[in-house]
Amino acid sequence: MKGWSTVAWLLLCGCATVHIAPVRPGLFVERAREPEARSPMRFADTVVERSRQGAESAAELLELASRALQAANYPRAREYLGRLQRVAGVSDSIRAEAQFLHAELAAAQGELRDAQQGYERLLEQPIAPALRERALLRYGHVLCAQGRSTAAAQVFEQLRRQFPTSRYLPLASCAAVK
């Protein structure tokens, strides 16, 4: 009877909604599927909705840029990163990853000054620890490639202090670049 008393109370209070569906259809995100075509629903035109859709396409563009960079298809990677910059409502984490890829792209193309500036701008921001770890390593490598081994050693020491169990520590030297 406890269930009926709750329903009766809700109806007396003027609440016509007896059952509320869960936020996501399943426990596991990878198995949960949202409908492909959105039905007209209340608040579908809000900024939050547009932001969520923009973040999905931004994540796809980031993945495409990463794959193009790994395949040494630099013009395509630059194109995807440029398109990503024009997407509205992108999360800070995706923006930070895109900044990292911009610096990686510059380093891969031998534009060491641009890569250095990109890593410096990225490291000035509050970013995820895993990204900071990679950025410190790559920033040190760029400094090594510029012949600035003393500055690189300081960056590698910072990596050691902040991430003492990092899997990148064996690569944290100018010898790893040569």
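Return the only residue of A115, A106, A151, A175 being loosely packed, with under 14 Cβ neighbours inside 10 Å, of a type in the set (A, V, I, L, M) and over 15 Å from the mean Cα position of the chain (by Cα). Full working, then the answer.
Working: A115 fails: loosely packed, with under 14 Cβ neighbours inside 10 Å; A106 fails: loosely packed, with under 14 Cβ neighbours inside 10 Å; A151 fails: loosely packed, with under 14 Cβ neighbours inside 10 Å.
Of A115, A106, A151, A175, the one residue that is loosely packed, with under 14 Cβ neighbours inside 10 Å, of a type in the set (A, V, I, L, M) and over 15 Å from the mean Cα position of the chain (by Cα) is A175.
Can you name every residue in region 68-95 that is in contact (Cβ under 8 Å) with a residue 24 or more places away in the chain and either in a loop (DSSP other than H, G, I, E, B) or aromatic (F, W, Y) (or both)?
Result: A72, Y74, V87, A88, G89, V90, S91.
Any residue at all in region 156-171 that's buried (at least 20 other Cβ atoms within 10 Å of the Cβ) and modelled with pLDDT of 95 or more? Full working, then the answer.
Going residue by residue through region 156-171, those that are buried (at least 20 other Cβ atoms within 10 Å of the Cβ) are 156, 159.
Restricting the remaining residues to those that are modelled with pLDDT of 95 or more gives 156, 159.
Yes.
Mind telling me which of the residues A98, A106 ends up being of a type in the set (G, A, S) and either under 18 Å from A59 (Cα atoms) or assigned to a loop (DSSP other than H, G, I, E, B) (or both)? Let's see the steps before the verdict.
Details: A106 fails: either under 18 Å from A59 (Cα atoms) or assigned to a loop (DSSP other than H, G, I, E, B) (or both).
A98 is the lone residue from the list that is of a type in the set (G, A, S) and either under 18 Å from A59 (Cα atoms) or assigned to a loop (DSSP other than H, G, I, E, B) (or both).
Are there helices (runs of 4 or more DSSP H) fully within region 109-176 with at least 3 residues that are more than 20 Å from Q99 (Cβ to Cβ)? List them. Write out each step before concluding.
Numbers: elements: 112-123, 129-145, 149-162.
Filter on region 109-176 gives 149-162.
Within region 118-125, does at least one residue satisfy the condition of being over 18 Å from S57 (Cα atoms), touching a His at 6+ places or on another chain (Cβ under 6 Å) and without any contact (Cβ under 8 Å) to a residue 24 or more places away in the chain?
Our first condition is that a residue be over 18 Å from S57 (Cα atoms); within region 118-125, this holds for 118-125.
Of the ones still in play, those that are also touching a His at 6+ places or on another chain (Cβ under 6 Å) are 118.
Restricting the remaining residues to those that are without any contact (Cβ under 8 Å) to a residue 24 or more places away in the chain gives 118.
Within region 118-125, one or more residues are over 18 Å from S57 (Cα atoms), touching a His at 6+ places or on another chain (Cβ under 6 Å) and without any contact (Cβ under 8 Å) to a residue 24 or more places away in the chain.
Here is a yes/no grid of residues against (1) of a type outside the set (S, T, Y); (2) surrounded by 15 or more Cβ atoms within 10 Å (Cβ to Cβ); (3) at pLDDT 95 or above:
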| position | (1), (2), (3) |
| --- | --- |
| A77 | yes, yes, no |
| G82 | yes, no, no |
| V87 | yes, yes, no |
| Q125 | yes, no, no |
| L136 | yes, yes, yes |
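Looking at L101, is it modelled with pLDDT of 90 or more and surrounded by fewer than 20 Cβ atoms within 10 Å (Cβ to Cβ)? Full working, then the answer.
Values: modelled with pLDDT of 90 or more: yes; surrounded by fewer than 20 Cβ atoms within 10 Å (Cβ to Cβ): no.
No; evaluated as a whole, the condition is false for this residue.
The values are calculated or read from the model by the stated rules, or taken from the named source; none is laboratory data. Only a predicted model underlies this, so the values are computations on that prediction, with no experimental measurement involved. Positions of Cβ are backbone-derived with ideal geometry, glycine not excepted, and every protein chain shown enters the neighbour counts.
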